[in-house]
Every structure is written in C-alpha cells, then in structure tokens.
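J.: The structure's right below; bear with me while I get my questions together.
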Amino acid sequence: MSGPFLLSDRALSLKPSSTVAVTSRALELRRQGVDVISMSVGEPDFDTPAHVKAAAMAAIESGKTKYTAVNGIPELREAISAKFSRENGLSYAPDCVTVTSGGKQALFNAFLALLNPGDEVLIPAPYWVSYPEMVALAGAVPVAVPTTPESGFQLDPQALEARVTPRARMIVLNSPGNPTGAVFTPEVLEAVAGVAQRHGLIIVTDEMYEHLVYDARQVSIGRYAPEHTLTINGASKAYAMTGWRIGYAGGPRGVIAAMNALQSQSTSNASSVSQYAALAALEGHEATARFIAMAREAYRERRDVIVAGLNALGLPTPTPQGAFYVMANTDRIHTDELEAARRILDDARVAVVPGTDFGAPGQVRLSYATDLNTIREVLRRIGTLLT
Ligand SMILES: Cc1ncc(COP(=O)(O)O)c(C=O)c1O
C-alpha cells in the first residue's frame with residue numbers, strides 16, 4: 001500500500017487466513033450458479049427461541065434503547081451470576097461478571113487486560129483460529145500443545161506441563177472444543193488446575209459450547225482452581241443467538257474491572273436490546289431448557305449420521321463428545337488438507353474448512369449445524385470423489 005495509509009505493524013502481523021481461499025472460491029462458485037453446500041458455518045441453524053425474541057421486542061417497545069452500564073444491566077449480571085452458581089458450581093458475584101459484545105470480545109478484553117509482550121500462552125491444538133491471533137495481537141506468544149485424533153483430542157496434562165517455561169503466563173481451554181468437539185474429562189481438568197496452581201498460571205476457559213455435550217459430562221475448571229480461573233461464556237451457541245452479540249465473563253474482581261475499563265474506551269456496553277433478550281434466555285428456565293434439550297438431541301442425531309458416514313467413506317473421523325463440528329482425516333482425497341478442501345469444493349460442491357489454521361494438518365472441519373437431509377447429501381457428494 002502506498003501513500004499515507006501505511007498499515008500498522010499490528011495489522012500487518014495478522015496472519016492471512018488460509019481458509020479465505022476456500023471461502024472465496026465457494027462464493028465465486030455460488031455466483032456462477034453452482035449449488036454449493038456449506039459445511040463451514042460456525043453457528044446453530046435453529047432460530048432464536050420465541051421467548052427470547054419476545055423479550056427483545058418488549059425492550060424496544062418500552063424504550064430500553066439507550067446506553068447501559070459498560071459492564072451490562074444489573075439484572076443480566078445477576079442472572080449470569082445465578083447461572084454460574086446453578087449450572088457450573090462457580091461463585092462469581094454480580095460485580096465479578098461483565099457483559100460483552102459476543103464471547104469474542106470477552107476473550108479479547110481478557111487477553112488485553114492480562115498479557116504483556118513476550119508472555120507465553122499455552123493452547124491445546126487443534127484450536128479455534130482466533131486464540132493465537134488474539135494472543136499475538138496482545139503482544140504475547142501462543143504455544144500449541146498438540147492433542148491427537150487417536151485420543152479423541154483429549155488433553156494430556158503432562159504434555160501441557162512439559163511446555164511450561166518461565167515465560168508461561170496463561171492456559172487457554174475450550175471444552176467442548178471448536179474444531180474438535182472434544183470434552184476434557186473432570187480428571188484432566190483437575191490435573192490442568194494443578195498445573196496452573198504449581199506454576200502460578202492463569203486459566204482462561206471458553207465454555208461457549210457447554211450445553212452441547214452428548215455422551216460426556218461438561219465440568220467447569222473454575223471449580224478446581226477458582227483463584228486462577230477466568231470463565232468465558234455467551235448466548236451465541238447455547239441459545240442460537242449468534243447475531244445478538246452477547247458474551248460474558250466471570251472472574252476475579254480486579255480482572256473484571258480492568259476488562260470493563262478497556263471496554264469503556266472501545267465499544268462501551270453490549271447492545272441494550274440484546275442484553276434484555278439474553279436476560280430472558282438465562283432466566284427463562286423452562287422454555288430455555290426445552291430449547292437446549294431439543295437442539296442437543298438434534299445435534300446428537302446429526303453427529304451420529306455424519307461420523308458414521310465419513311468413516312464409511314474411508315475418511316477417519318473420531319466421534320466428538322460435544323459442540324457441532326467433526327474433524328475428518330482427508331488423506332484418501334489428498335495428503336495436503338488445503339488441496340483436499342479444494343477438491344471437495346470443486347468436485348463435490350461442498351465447502352469445508354481445511355485444518356491448516358486450526359493447527360490440524362491432514363484434516364478438514366465440517367460443521368453439522370444443518371439438517372439431516374443436507375448431511376446425507378453431503379456424504380453422497382463426498383462419496384463421489386472416492387469411488
Ligand atoms: C470456541 C469459540 N469461542 C468463542 C466464539 C465466539 O462467540 P461469539 O459469537 O459469541 O463472539 C466462537 C464462535 O465461533 C467459538 O467457536
């Protein structure tokens with residue numbers, strides 16, 4: 001770029017995403033009228049529950065359309081505090097809770113509030129693409145801790161501890177995880193809590209997919225090391241509210257205060273209307289529980305169909321315990337996952353995400369947040385590449 005608009009070092013340091021090539025190609029094919037099925041989206045296909053939408057409309061009608069407190073309306077922070085206690089066994093007072101514009105902003109604020117240049121952040125791989133990028137934007141250094149498909153991507157606490165150096169400052173956990181769907185067992189979480197306690201590390205735990213668990217038990221690591229843990233969550237995945245942009249965090253008072261200070265100088269409060277909608281989701285116990293149970297059963301059935309189908313095609317795919325993603329080994333199509341994703345798109349007309357940016361070579365991610373008929377058609381299309 002020439003002229004006065006030279007980009008900052010920070011902007012230039014952002015890694016160009018290798019998924020962009022596949023996404024642009026999918027858009028291009030669609031523009032040409034080719035029927036491409038997208039299995040790359042990271043959001044529920046269900047509509048936001050009716051009681052949540054009704055609460056948002058009531059908020060608009062009654063003029064709740066002004067700035068709120070930076071950290072969120074008190075009713076919502078109280079509801080989140082109660083939720084942490086009821087569902088997670090965590091004790092965060094309402095002033096130890098902050099509401100953000102999506103889970104992403106909670107994570108971003110947390111990294112900016114806690115990391116200094118050169119600090120090392122341990123992240124189990126495969127990981128959600130935004131963690132290393134956000135950590136690097138804060139000037140810190142992401143350190144991948146590999147997990148394997150053979151173990152169902154379960155974290156090995158000893159492998160984690162082996163990567164702790166004097167510069168280590170934080171562990172980022174995501175269970176159930178994107179992209180693997182792995183749910184870390186209570187024993188693993190307790191051992192990771194021990195690592196944090198032994199080495200004086202912060203644990204940032206992203207529990208966005210906590211309700212989407214199938215044959216496993218989701219436990220919050222904050223139960224084992226409360227004094228080390230910042231817990232991040234949000235409305236996006238649990239209540240099919242991705243567009244409303246509501247996330248939240250619970251943690252030590254001083255950390256939450258620093259996150260609020262950062263937010264006060266950037267975006268201020270999360271959308272007022274969305275906050276009232278999230279309040280209804282968090283408070284509407286019966287209706288919300290029914291919605292979550294319905295979604296969970298639907299995802300479980302889809303997971304079973306897609307995992308069985310991909311394995312039957314000779315693309316080894318572990319059975320994930322949570323979230324709505326599977327990781328398929330695509331060696332049978334091409335040993336380079338970017339090339340495999342390109343062929344799946346060009347020749348089978350299915351958009352998947354290559355594992356390159358997730359720290360998952362040789363694999364692609366498919367989201368099964370879509371209906372069963374579409375999943376069956378995807379399997380049929382991918383099958384045509386392999387016969
Ligand atoms: C693991 C994980 N954390 C956080 C987020 C972001 O959630 P939100 O849409 O609330 O910002 C996502 C979204 O894809 C995710 O997969």
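J.: Under 7 Å by Cβ, and 6 or more places apart or on different chains, what pairs join a residue from region 65-88 that is closer than 16 Å to ALA280 by Cα with one that is modelled with pLDDT under 95?
T.: ALA79/GLU283
J.: Additional query: With the structure loaded, tell me whether GLU161 is part of a helix (DSSP H, G or I) and at pLDDT below 95 or whether it fails that test.
T.: It is false that GLU161 is part of a helix (DSSP H, G or I) and at pLDDT below 95.
J.: Name the pairs whose Cβ atoms lie under 7 Å apart, with the first residue in region 158-180 and closer than 23 Å to ARG217 by Cα and touching a residue at least 60 places away in the same chain (Cβ under 8 Å), the second basic (Lys, Arg) and within 16 Å of the ligand (Cβ to nearest atom), and 6 or more positions between them or separate chains?
T.: Within 7 Å, the pairs are PRO179/ARG365.
J.: Could I ask something else about it? Do you know which residues across region 260-286 are out of contact with any Leu (no Cβ under 8 Å at 6 or more places or on another chain), in a helix (DSSP H, G or I) and over 17 Å from ALA82 (Cα atoms)?
T.: Answer for region 260-286, where residues must be out of contact with any Leu (no Cβ under 8 Å at 6 or more places or on another chain), in a helix (DSSP H, G or I) and over 17 Å from ALA82 (Cα atoms): ASN260, ALA261, GLN263, SER264, SER272, VAL273, SER274.
J.: Exactly one of these conditions fails for SER151: (1) buried (at least 17 other Cβ atoms within 10 Å of the Cβ); (2) over 24 Å from THR267 (Cα atoms). Give me its number.
T.: Result: SER151 passes all but (1).
J.: Tell me the residue from THR165, THR229, THR242, THR205 that is in contact with a Gly (Cβ under 9 Å, 6 or more places away or on another chain), farther than 18 Å from ASN88 by Cα and either away from the ligand (no atom under 13 Å from the Cβ) or hydroxyl-bearing (Ser, Thr, Tyr) (or both), please.
T.: It is THR242.
J.: Give the residue that is nearest to the chain's Cα centre (by Cα), with candidates limited to residues of region 337-347 that are surrounded by 21 or more Cβ atoms within 10 Å (Cβ to Cβ) and not charged (D, E, K, R).
T.: Taking the candidates together, the pick is ALA341.
J.: When the residues of region 126-146 are filtered to those that are more than 15 Å from the ligand (Cβ to nearest atom) and not in a strand (DSSP E or B), which remaining residue is farthest from SER175 (Cα to Cα)?
T.: GLY139
J.: Something else: Restricting to region 1-26, count the residues that are surrounded by 12 or more Cβ atoms within 10 Å (Cβ to Cβ) and in a helix (DSSP H, G or I).
T.: Matching residues across region 1-26 total 7.
J.: I'm trying to understand the selection: among the residues of region 244-261, which are among the hydrophobic types (A, V, I, L, M, F, W, C) and either modelled with pLDDT under 95 or under 22 Å from the mean Cα position of the chain (by Cα) (or both)?
T.: TRP244, ILE246, ALA249, VAL255, ILE256, MET259
J.: Can you find a residue that is within 23 Å of THR317 (Cβ to Cβ), at pLDDT 95 or above and surrounded by fewer than 23 Cβ atoms within 10 Å (Cβ to Cβ) anywhere in region 187-198?
T.: Yes; the residues of region 187-198 include at least one that is within 23 Å of THR317 (Cβ to Cβ), at pLDDT 95 or above and surrounded by fewer than 23 Cβ atoms within 10 Å (Cβ to Cβ).
J.: Kindly indicate which of GLY72, GLY33 is at positive phi, at pLDDT 95 or above and either assigned to a loop (DSSP other than H, G, I, E, B) or in contact with a Leu (Cβ under 6 Å, 6 or more places away or on another chain) (or both).
T.: The match here is GLY72.
J.: Another one. Among all residue pairs at least 6 apart or on different chains, which show Cβ distances below 8 Å where the first residue, located in region 110-136, is free of Cβ contacts under 8 Å to residues at least 60 places away in the same chain and at positive phi and the second is away from the ligand (no atom under 15 Å from the Cβ) and hydrophobic (A, V, I, L, M, F, W, C)?
T.: Within 8 Å, the pairs are GLY118/ALA140; GLY118/VAL141.
The values are calculated or read from the model by the stated rules, or taken from the named source; none is laboratory data. These numbers were taken from a predicted model, which means no experiment stands behind them. Every residue, glycine as well, gets a Cβ built from its backbone with ideal geometry; the counts of neighbours run over all protein chains shown.
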